[in-house]
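Data first, discussion second: the structure below is written as structure tokens.
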Amino acid sequence: MARVAIVTGGTRGIGAAISTALKGAGYDVAANYAGNDEAAAAFNKEAGIAVFKWDVSDYDSCVAGIAEVEAELGPVDILVNNAGITRDAMFHKLTKDKWDAVIDTNLSGLFNMTHPVWTGMRDRSFGRVINISSINGQKGQMGQVNYSAAKAGDLGFTKALAQEGARKGITVNAICPGYIATEMVKAVPQEVLEKSILPHIPVGRLGEPEEIARCVVFLASDDAGFITGATLTANGGQVMV
């Protein structure tokens, strides 16, 4: 019987690539999304992957959504915490609402999703939790104090929880993508991309969503059972840690 994977924010961008790659690797995949019904329906039709709608910033919604997935597909073995938002502003203009929105989704969302599946993983002595952090959680980014703080918090969450899961067959790892060719990055003006972004990436190009997805597939596999508490940087050499 195929293992079951949930990918949050799994119908667009990096998340869609992760969902598709996991399906290709033989997993039963549930792709979560928060609000874009049209994009989710299109992804479901194209990829043949089940989609489920809930907001990862709300704990009760996560509990209910995970229960729905498990009723349809079975117990969750692999959790990919990919959902994330940005609410960028220079710190002196950063509002409490923008701070809370990003922290609630990008950091608290990890707790809200992982906590409901953790006991089951412990009981079955197997689990994979893969947290999608960011290069900006490693180096910081001007205008993204809220985002950088949340993504750095994801790394602390990963390292601490990995220690708790290790003896129970559960690995917890993080991936820090750099600049990836998603809709958001492609919307950056070409001049800005060529003058301010690409020169700082040693390999000289943006990453592809599928490159992050392949990292996830590896960390989800049995072959990665000795890797836990790790941060995999996939940024073309832009930041080396």
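Could you work out the Rg to Rh ratio of the chain, with Rh taken as the Kirkwood radius (inverse of the mean 1/r over all Cα pairs)?
Numbers: Rg = 17.1 Å, Rh = 18.0 Å.
Here the Rg-to-Rh quotient is 0.95.
Summing +1 for each Lys or Arg and -1 for each Asp or Glu, what net charge is found among the other residues whose Cβ lies under 11 Å from the Cβ of residue 116? Could you put the intermediate results ahead of the total?
Working: positive: none; negative: 60, 70.
For residues surrounding residue 116, the net value is -2.
What's log10 of I(q)/I(0) for segment 110-171 at q = 0.12, 0.15, 0.19, 0.22 Å⁻¹, Debye sum over Cα points only, no solvent?
Rounded to two decimals, the profile gives -0.34, -0.50, -0.70, -0.83.
Please quote Rg/Rh for segment 140-217 to two decimal places, taking the Kirkwood radius as Rh and restricting both calculations to Cα atoms. Don't skip to the answer; put the middle values down first.
Values: Rg = 15.8 Å, Rh = 14.9 Å.
Computed over Cα atoms, the ratio is 1.07.
Kirkwood-based Rg over Rh for segment 44-95 (C-alpha set), two decimals? Please report the intermediate quantities before stating the final value.
Values: Rg = 15.5 Å, Rh = 13.7 Å.
So for segment 44-95, dividing Rg by the Kirkwood Rh gives 1.13.
Could you work out the percent of alpha carbon pairs in segment 66-139 separated by over 21 Å, rounded to a whole number?
Details: 1052 of 2701 pairs.
For segment 66-139, the share of Cα pairs beyond 21 Å comes to 39 percent.
Please check: in the Gaussian network model of the chain (C-alpha springs, under 10 Å), which one of 60, 28, 104 has the largest mean-square fluctuation.
Evaluated over the chain, the most mobile residue of the options is 60.
What net charge is computed for the residues neighbouring residue 10, neighbours being all others with C-beta under 12 Å from the C-beta of residue 10, Lys and Arg scored +1, Asp and Glu -1? Don't jump to the answer; show the numbers that get you there.
Working: positive: 12, 23, 53; negative: none.
Value of the local net charge: +3.
Quick one: pull the percentage of alpha-carbon pairs in segment 4-68 with a separation above 16 Å. All intermediate terms of the calculation are to be shown ahead of the outcome.
Working: 782 of 2080 pairs.
That fraction is 38 percent.
Given H placed on each backbone N at 1.01 Å, which residues far from residue 52 in sequence or on other chains put an amide H within less than 5 Å of it?
Placed amide hydrogens put 31, 32, 33 under 5 Å from residue 52.
Any idea which of 116, 69, 86 is furthest toward the positive side of the dipole for segment 43-183, if Lys and Arg beta-carbons carry +1 and Asp and Glu beta-carbons -1?
Farthest along the dipole direction, towards plus: 86.
Enumerate the lysines that residue 53 could reach by cross-link, defined here as Cα to Cα under 20 Å, with residues fewer than 8 away along the same chain left out.
The reachable lysines, counting only those whose Cα sits under 20 Å from residue 53, are 23, 45.
Using Cα atoms only, what is the angle between the long axis of helix 108-124 and the major principal axis of the chain, expressed in degrees (0 to 90) to the nearest 10?
Long axis of 108-124 versus the principal axis of the chain: about 30 degrees.
To the nearest 20 debye, what is the magnitude of the charge dipole of segment 4-233 about its Cα centre, counting +1 on the Cβ of each Lys and Arg and -1 on the Cβ of each Asp and Glu? Could the numbers behind the result be given before it?
Working: 20 positive and 26 negative charges, 141 e Å.
Around 680 debye, computed over segment 4-233.
Just to confirm a number: summing +1 for Lys and Arg and -1 for Asp and Glu over residues other than residue 106 whose beta-carbon lies under 15 angstrom from that of residue 106, what do you get? It would help to have the intermediate numbers written out before the result.
Numbers: positive: 87, 98, 151; negative: 55, 58, 88, 97, 100, 104, 154.
Cβ neighbours under 15 Å give a net charge of -4.
Which value at 222 nm does the chain reach when only helices count, each DSSP H run of 4 or more adding -39,500 (n - 2.57), with the total divided by all residues and rounded to the nearest 500 deg cm²/dmol? Walk me through the numbers before you get to the answer.
Numbers: 9 runs with 108 residues, N = 241.
The per-residue figure over the chain is -14000 deg cm²/dmol.
Listed here are the pairs 98/195; 93/159; 139/159; 151/195; 96/151; which of them are more than 21 Å apart at the Cα? Before the final figure, lay out each step's value.
Working: 98/195 29 Å; 93/159 32 Å; 139/159 18 Å; 151/195 26 Å; 96/151 18 Å.
The pairs that break the limit, which is 21 Å between Cα atoms, are 98/195; 93/159; 151/195.
Can you list which of the trypsin sites (Lys or Arg not before Pro) found in segment 160-241 are DSSP loop residues with at most 16 other C-beta atoms within 10 Å?
Values: sites: 167, 168, 186, 195, 205, 214; in loops: 205.
Counting only loop positions with at most 16 other Cβ atoms within 10 Å, the trypsin sites (Lys or Arg not before Pro) in segment 160-241 are 205.
Read-outs throughout are calculated quantities, based only on the coordinates presented, and are distinct from any laboratory measurement. From a predicted model like this one, the values you see are computed outputs, not experimental measurements. Here the Cβ is made from the backbone with ideal geometry for all residues, glycine too, and neighbour counts use every protein chain on show.
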